[in-house]
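> Could you have a look at this structure, given as structure tokens, before my questions?
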Amino acid sequence: MAYKSLLFLALIAVTAALDVFDNSTEVIGKRSIPNGEGTNNGYFYSVYSDTTVTGTYTNGPGGEYTLTWGGSGDVVVGKGWNPGGPMLSTLDCTSLTTDTDLYFFHRSVEYSGTYSPNGNSYLSVYGWMTSPLVEYYITDSFGDYNPSTGGTHLGTCTSDGGVYDIYTQTRTNAPSIQGTATFQQYWSIRQTHRVGGTVTTGNHYSCWESVGLPLGTFNYMILATEGYSSSGTSTITVGEGTGTGSSAPSGPSSTTTTPPTAPTGGTVAQWGQCGGIGYSGPTTCASPYTCTVANAYYSQCL
């Protein structure tokens, strides 16, 4: 397989098509090939194709990319950030006096565009974590194959005007960003499809933790278009929104969780901040939640 420039990629044919779609783990694991990723207009991008995929990939201005694809193989492309996941930001730049004015920030992804699959495909915020090694998807739309097939349903997460079903499954001796390994996949799959809007990633991270899925150290994250033995076109523009870790998720709704309750007696409700540099509020979480450190600037009741 070969890759061309940042501005244009011809996806070429190789042999041995996969017989069964495997939620793209095979594809994802191979994206660490150096000439399959890079930066363009300030964004990280990743491109992978295999077997008999044909088509073109083009990096556009800013966070835009365009993909056309066909054939019987697998293709995954996208633009985003490396690393993805949480980051530090500032609450009010005009009032900063010390480093303690920094606070913890979950990157909120905003995107728009068109997505027209014919067959097996999906559109997701996609990324990796390490320690533990995790491959994750926040899927807003898909074609005629539901990527949750074969997964274990753990509950739901309400975020950004929609309800997402949470699934997990184990990949055994599968390719990953750390080579062949056994690892978990985390999925949030939107019940009502959409193309465009805001994905507040911190809500999904909190929902995953609340149903027992631990988080690790964040690696890259992209807004990915994926197609397997299908055809279609996708033109997506990705950008960064304004979601913060201090905002409580609008979920999850799950048999394994309870709704947030108001702080009483100096305690902090689920999802609330309970510690961190510069924080001066209560530090005891309402039962049964515990104060969990996200980083030096933010701890949250989970």
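The values are calculated or read from the model by the stated rules, or taken from the named source; none is laboratory data. Because the structure is predicted, anything quoted here is derived from the model rather than measured. As a convention, Cβ positions derive from the backbone with ideal geometry for all residues, glycine included, and neighbour counts pool all protein chains shown. Just the protein is used for accessible areas: all its heavy atoms, side chains included, with ligands, DNA and RNA removed. Shrake-Rupley method; radii C 1.70, N 1.55, O 1.52, S 1.80 Å.
> Tell me which of these T139 doesn't satisfy, since it passes every other one: (1) modelled with pLDDT of 95 or more; (2) open to solvent by 10 Å² or more (accessible area, probe 1.4 Å).
(2)
> Cβ-Cβ under 6 Å, sequence separation 6+ or interchain: first residue in segment 157-175 and within 18 Å of L213 (Cβ to Cβ), partner among the charged types (D, E, K, R) and open to solvent by 10 Å² or more (accessible area, probe 1.4 Å). Which pairs?
Partner pairs satisfying both residue conditions: Y164/R190.
> Here's something else I'd like to know. Which of the residues spanning segment 169-226 are under 16 Å from G241 (Cβ atoms) and not hydrophobic (A, V, I, L, M, F, W, C)?
Within segment 169-226, R194, G196, G197, T198, T200, T201, G202, N203, H204, Y205 qualify.
> A further question follows. Which residue out of S254, S231 is modelled with pLDDT under 90 and at negative phi?
Values: S231 fails: modelled with pLDDT under 90.
So the residue among S254, S231 that is modelled with pLDDT under 90 and at negative phi is S254.
> Being open to solvent by 30 Å² or more (accessible area, probe 1.4 Å), farther than 19 Å from I138 by Cα and not β-branched (V, I, T) is the filter here; which residues of segment 65-88 pass it?
Hits for segment 65-88 are G71, S72, L88.
> Looking only at segment 168-194, filter to residues that are open to solvent by 20 Å² or more (accessible area, probe 1.4 Å) and closer than 15 Å to Y126 by Cα; which one of those is modelled with the lowest pLDDT?
I177
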